[in-house]
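Please read the structure below before turning to the comments.
Readers should treat all values here as calculations from the given coordinates under stated rules, not as data from a laboratory. In this text the structure is predicted, and so the values were computed from the model without any measurement. Neighbour counts are summed over all protein chains in view; Cβ atoms, including those assigned to glycine, are modelled from backbone coordinates with ideal geometry.
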Amino acid sequence: MNRSGFLAPRTQLLLLCMLALLATLLCTLWAATTPYLGLQLVKTEEAQGVRVRSVHPNSPNLSAISADTVLVAVWRNGVRVLLHNDTVIEDPDLLDYERYNRFLREQSLLWQALATPPLVVETDGGERIELAVDQPWWSPAMTYALLHGLYGWVALLVALGIWVYNPHRTETRLFAASGVALFATTLTLASYGGRELALPGEVIAALMSVNHLAVLMVCATLSTLFWVYPIRLGRAPVPMIGVMLGLVAWVADQVQLTPGPQYTIYSTILLGFVCGIIIMSLQWRATRGRPLERAALKWCFLSIFVGSLLLIALIMLPAALGGARAVPLVISLASVLVLYLGLAAGLHRYRLFHVERWWFRTWHWFFGGVLVLALDALLVFVIGLAGGMALLLSLAIAGWVYFPLRQWLMGLLGRSDQRPLDSTLRQLVNNLFAADSEARIRDAWPDLLRRMFNPLQCCPVHMPVAGDIAVSEDGARLYLRALTPADADLMLEHPDRGGRLFRPEDLRVARLLRDLTDKAVEAVRARELGAEAERQRIARDLHDDVGGRILSLLRNAPDERQEVLARNALQSLREASRALDHSASSRLGDALEDWQMECRARCDEMRLPLQWLQDVKADGAHLSVRHNINIRRILSEALTNAFRHASPSRITVRVAGDGACLTLEVINDGVGEWITERDVLAGRGLNHMRTRAEELGGRFSFELDERQARLFAEIPLCKTQ
């Protein structure tokens with residue numbers, strides 16, 4: 001049920017469309033019952049007379065008259081009714097009021113003559129010809145009525161389809177009023193614009209009156225729409241003022257206060273267009289700093305401004321200036337498609353007028369049913385198929401043509417979410433199998449969301465709503481609670497780089513990604529717990545078994561050399577046991593002192609001077625046991641290489657960095673000419689050092705320069721273990 005009444009939106013829409021269809025059928029039946037001569041009449045260059053451009057193949061007067069004949073009068077009961085070049089004018093409001101009134105009187109006389117066939121016409125040569133009058137089942141007047149009425153149907157369906165779902169909003173009421181008014185404009189034009197020669201003057205006057213009122217209401221509603229949308233500019237009832245001014249102009253037209261409609265109707269429309277541009281500029285200033293409203297305004301402005309500009313330039317402006325239209329009305333009215341179909345496309349991308357994607361599903365339902373019924377009627381009444389066969393064939397055509405075409409059009413109106421979802425799930429699986437810790441998955445979580453939704457902004461916030469995942473009321477923001485209490489909640493704003501709003505499908509995708517990520521975190525936690533239990537077991541075995549045996553060797557060493565070897569082995573065992581404990585750490589300052597003492601002790605053994613250059617801002621920083629061991633062994637292996645492959649006079653060690661990153665540089669000046677880089681690289685020491693550096697997320701390089709060897713390593717200390 002709809003909140004606005006007792007009928008559901010779809011039911012309201014169906015009833016309104018049935019009323020519009022009834023009006024269209026009445027218009028078509030009116031065109032079908034008008035007298036038919038089978039002639040295409042056009043105005044002449046002279047003021048008097050009309051010219052026969054062509055004679056239709058089904059004309060009852062095919063042999064009575066020929067093309068290019070100029071008719072100057074019609075005889076009725078001995079009275080000569082003159083024909084003027086505006087007798088067959090398509091849109092009589094291009095005439096001033098004096099000529100318009102004469103036109104209406106002339107149309108009434110001609111209609112009376114058509115009602116009492118045969119119709120006697122007089123040519124410019126003075127010849128009188130009797131023309132037969134017929135009423136075929138189809139005529140050009142009916143084609144004209146249906147073709148022009150189609151433009152009104154486009155406006156009506158888009159406008160009413162928006163209004164029935166948001167009937168209480170001022171902007172949807174204005175837009176619906178514009179659609180209904182434009183439908184009335186095209187329907188009245190379809191009733192009198194396609195006449196072959198004449199209609200009753202009073203009927204034309206009534207249709208013209210409704211036409212003028214409708215076109216003024218189109219101008220009033222569209223010009224003032226931007227006063228209330230996307231945001232209301234003020235409390236002044238500008239839309240109501242616009243409607244009242246339109247009514248005033250219509251009354252002035254009815255009493256003919258001015259010389260012609262170009263002053264009361266078309267000049268008013270031009271003024272309304274200018275006022276609409278001014279209101280749009282005010283709306284543009286008001287939406288500054290509000291990207292959601294600005295995006296909706298841009299699309300509405302593009303659709304309404306371009307469509308209205310085409311209507312003004314092709315239809316209104318020539319009439320306001322008192323000139324003829326250069327483009328036929330049937331082509332000029334195509335600007336209606338730009339206006340209303342452009343807004344329909346914007347509904348999908350920007351949720352204009354607060355309409356969701358189900359708006360399109362409503363029309364899928366509606367047009368699918370209409371298509372089946374129309375095809376069924378066509379096959380039964382035109383082709384003559386049996387009812388069952390016709391229904392079967394119409395369903396097949398709808399399924400094989402309409403639905404694939406519909407999917408293609410929907411693909412043009414909006415992007416497909418399947419491809420980013422596929423790539424995001426693939427990335428999530430990669431993260432699960434490649435991550436060596438829970439922290440890696442948590443760090444990758446924002447990147448997964450960016451890959452999936454491509455937002456303008458992804459930033460940490462405090463969750464303003466309950467629940468783990470929620471979309472803001474305006475659809476502009478998606479909120480996601482943190483994976484763990486240690487992380488920050490996230491807010492994604494304006495998906496697809498501001499190209500659309502968040503939809504219910506996005507909420508379901510976000511929940512899916514969140515559930516899968518939670519499962520990945522749980523799996524990594526279980527893996528880490530298992531690995532930690534195994535490390536503890538290995539540490540116990542090393543301590544209880546291997547440690548005890550080395551300690552026995554140390555106590556029973558036969559000489560000092562064996563004692564030193566046993567002591568070094570025990571130290572290495574202790575380091576290996578500590579490395580198994582990932583929670584252990586040491587102060588960076590203490591580690592630097594230990595590294596310097598070990599390097600200096602080894603150089604003293606080789607009777608080589610050591611130049612230790614240190615520029616490290618420790619500031620109480622800590623590093624893991626693995627960092628401590630790997631850096632110590634890189635330095636140790638660098639000294640071993642220098643002792644083994646060169647004869648240096650001095651060794652220089654430079655250590656620089658801070659609590660986030662360290663750079664190590666070991667230089668020796670004892671490389672002989674017979675030592676090449678290939679000789680050095682042939683050993684395993686450099687590979688081991690490179691492996692240890694890369695294990696910590698760093699990089700390693702080695703180069704020979706003349707008689708100097710330089711080893712460089714850069715180690716990040718902030719790598720999460």
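Taking amide H positions as placed 1.01 Å from N in the peptide plane, with prolines and chain starts having none, which residues 5 or more places from ARG699, or on another chain, fall under 5 Å of its amide H?
GLU714
Any idea how far apart ASN687 and LEU257 come out in nm if each label point goes 7 Å out from Cα toward Cβ?
Here the modelled spin labels are 10.0 nm apart.
If you place +1 on the Cβ of every Lys and Arg, -1 on the Cβ of every Asp and Glu, and leave all else neutral, what size is the dipole of the stretch 626-665 about its Cα centre, to the nearest 20 Debye? Walk me through the numbers before you get to the answer.
Values: 6 positive and 3 negative charges, 31 e Å.
The calculation lands at about 140 debye.
Mind listing the long-range amide H neighbours of LEU131? Cut-off is under 5 Å, sequence gap 5 or more, other chains count too, H placed in the peptide plane at 1.01 Å from N.
The answer is LEU119, VAL120, VAL121.
Which loop-located trypsin sites (Lys or Arg not before Pro) does the stretch 176-278 contain, where loop means any DSSP state but H, G, I, E or B and the Cβ has at most 15 other Cβ atoms within 10 Å? Provide the component values of the computation, followed by the final result.
On the way: sites: ARG195, ARG232, ARG235; in loops: ARG195, ARG232, ARG235.
Qualifying residues, ordered by number: ARG232, ARG235.
Enumerate the amide H contacts of HIS84 below 5 Å, restricted to partners 5 or more residues apart or on another chain; note that Pro and chain-start residues carry no placed amide H.
Amide H neighbours of HIS84, under 5 Å, 5+ apart: GLY49.
In sequence order, what are the phi-derived ³J(HN,Hα) couplings for the stretch 633-639 according to the Karplus relation 6.51 cos²θ - 1.76 cosθ + 1.60 with θ = phi - 60°, rounded to whole Hz, with x for glycine and proline?
6, 5, 5, 5, 5, 5, 5
What size of dipole, in debye to the nearest 20, comes out for the stretch 34-137 about its Cα centre when the only charges are +1 on Lys and Arg C-beta atoms and -1 on Asp and Glu C-beta atoms?
On the way: 9 positive and 15 negative charges, 64 e Å.
Dipole of the stretch 34-137, to the nearest 20 debye: 300 debye.
Between ARG102 and TRP284, take the C-beta separation as r, use R0 = 45 Å, and let me know the FRET efficiency to the nearest 0.05. Please list the in-between numbers first.
On the way: r = 48 Å, r/R0 = 1.06.
My answer for the efficiency is 0.40.
As a footprinting exposure proxy, order GLU560, GLU438 by other Cβ within 10 Å, with the fewest listed first. Intermediate results must be reported in sequence, preceding the final value.
Working: GLU560 8, GLU438 19.
Ordered by Cβ neighbours within 10 Å, fewest first: GLU560, GLU438.
Want the number for ALA67 to ASP515: 0.36 nm per residue separation, take away the alpha-carbon distance, what's left?
Details: separation 448, 0.36 × 448 = 161.28 nm, distance 7.79 nm.
Net length gain for the segment: 153.5 nm.
Take TRP299, TRP595 and order them by how many other Cβ atoms sit within 10 Å, fewest up front.
Numbers: TRP299 17, TRP595 21.
Final ranking by Cβ density, sparse to dense: TRP299, TRP595.
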